[in-house]
Ligand code: GLU
């Protein structure tokens with residue numbers, strides 16, 4: 001494999017799709033050495049095939065807003081890779097959604113899902129629809145119009161969408177309602193992240209954040225450290241940040257920052273159950289701001305226009321969006337003594353930020369390993385649906401914990417360096433890649 005030649009070819013096929021190209025480059029650079037030890041991969045042109053989505057479905061979504069105006073958005077489903085299972089991955093509703101973003105997310109999802117140990121292929125979808133400022137009725141009408149187009153392309157053994165940024169339990173409910181009406185069958189296995197009374201799994205809402213903290217715990221343990229008493233800055237205030245804040249607090253860490261597009265909340269006394277609950281209220285308001293947190297809790301301070309990375313902390317956890325922690329942010333964190341960073345959002349750090357962390361030799365782990373607990377618990381939801389049973393919260397949490405320890409172990413197996421340090425980026429990429437590559441090889445040229 002020649003990474004530069006492959007990338008030049010990909011840039012020609014996908015001009016200007018910087019996020020997608022960034023995600024592919026990271027994986028190719030990580031796996032290059034191992035790949036070249038397998039001439040059978042080269043012969044079957046595994047990477048050339050793996051970097052292209054199986055197919056992309058694009059559709060128009062037209063709906064009527066509360067003032068009677070007709071709105072048109074674009075909907076997508078990128079079915080990336082089905083070597084190890086049906087397509088699986090979230091739907092993102094955000095104004096910045098475009099094919100490049102969904103290709104990068106679908107590509108990442110393929111490796112992440114492979115890491116979970118469960119049989120799930122990779123996919124991603126969504127729309128440039130922004131839930132910000134929309135009423136509940138508008139969100140429902142949009143979800144219904146979106147599903148009107150998507151429903152023929154999904155199914156429990158075909159493609160199983162779930163939530164992502166802008167798509168939570170409420171949206172999954174509206175999407176499922178319309179699916180059920182169109183398909184004329186009660187097929188719960190078609191979506192994950194469902195409500196608890198109609199086929200959802202306990203712990204699914206918490207799973208991404210809980211899983212991330214279990215992974216961080218393993219990482220720290222591996223390095224002879226503990227999370228207890230450490231300060232944590234996290235970005236975002238949505239479902240993922242909420243789960244991470246809950247588990248970090250439960251494990252004895254102090255969550256001293258959360259953030260939104262409007263600025264950061266400096267929370268020197270850490271989280272309380274009331275503060276954690278309030279994060280959900282803030283998100284449900286659809287206003288996309290964190291400032292009201294400081295009005296509600298006077299021991300916290302709102303700093304307008306600043307990121308979570310301006311707060312001095314031991315552990316930095318990007319939990320909101322891709323590329324939300326850049327090279328300058330990494331320098332600021334390092335200057336303030338941060339010694340661990342883990343991406344909870346997909347590709348939360350820019351390549352420059354990762355290079356800074358790796359140069360400084362601090363603990364760093366990538367999203368596809370750290371946040372895999374969300375989709376892993378979706379996989380557990382699929383199993384429960386297929387078997388018509390529901391596990392207790394404790395059962396699901398134990399399984400999630402076990403899966404995260406397996407993912408950590410795989411990262412260590414493939415990422416251990418001669419000096420004993422773990423390169424988690426390399427470890428996660430190689431572990432995920434090997435599984436998908438072998439499956440593709442065994443299934444022939446398709
Ligand atoms: N959107 C989440 C992710 O990035 C969850 C996907 C799922 O549960 O299918 O992994």
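Using 0.36 nm per residue, how much length does the chain from residue 421 to residue 226 gain when fully extended, once their Cα-Cα distance is taken away?
Full extension from residue 421 to residue 226 adds 68.5 nm.
Full-extension gain between residue 64 and residue 395, please, as 0.36 nm times their residue separation minus the C-alpha to C-alpha distance.
Separation in residues times 0.36 nm, less the Cα-Cα distance, equals 114.9 nm.
Along Cα→Cβ, 7 Å out, is where each label goes; now give me the distance between the ones at residue 291 and residue 388 in nm to one decimal.
If labels sit at residue 291 and residue 388, their model points lie 5.4 nm apart.
For residue 12 paired with residue 40, estimate the spin-label separation in nm (one decimal), with each label point 7 Å from Cα along the Cα-to-Cβ line.
Calculated label separation equals 3.0 nm.
Rank-order 94-100, 256-262, 415-421 by packing density, defined as the average count of other C-beta atoms within 10 Å over each peptide's residues, highest first.
256-262, 94-100, 415-421
Dividing the convex hull volume of the Cα atoms of the chain by its residue count, what figure in Å³ per residue is obtained?
Taking the convex hull of the Cα positions in the chain, it is 139 Å³ per residue.
Translational diffusion coefficient, Stokes-Einstein: compute it for the stretch 11-73 using the Kirkwood radius over C-alpha pairs as Rh, at 10 °C and 1.306 mPa s, and state it as an integer in µm² s⁻¹.
The Stokes-Einstein estimate is 105 µm²/s.
How far is it, in nm, from the label point at residue 3 to the one at residue 56 when both lie 7 Å from their Cα along the line to the Cβ?
So the label points at residue 3 and residue 56 sit 2.4 nm apart.
Under 10 Å, Cα contacts only: if you run a Gaussian network model on the chain, which one of 171, 281, 19 comes out with the highest mean-square fluctuation?
281
Of the listed peptides 179-190, 213-224, 374-385, what is their order by residue-averaged count of other C-beta atoms within 10 Å, with the highest listed first?
By packing density, highest mean first, the sequence is 374-385, 213-224, 179-190.
Compare the peptides 301-309, 243-251, 102-110 by average per-residue count of other Cβ atoms within 10 angstrom and give them in order, highest first.
Ranking, from highest mean packing down: 102-110, 243-251, 301-309.
Given a Förster distance of 25 angstrom, what is the FRET efficiency for residue 306 paired with residue 352, based on the Cβ-Cβ distance and rounded to 0.05?
E between residue 306 and residue 352, to the nearest 0.05, is 0.80.
Just report the Cα centroid separation between the stretch 78-147 and the stretch 190-212, whole Å.
16
We did not get these values from a lab; they are worked out from the coordinates using the rules stated. Because the structure is predicted, anything quoted here is derived from the model rather than measured. Neighbour counts are summed over all protein chains in view; Cβ atoms, including those assigned to glycine, are modelled from backbone coordinates with ideal geometry.
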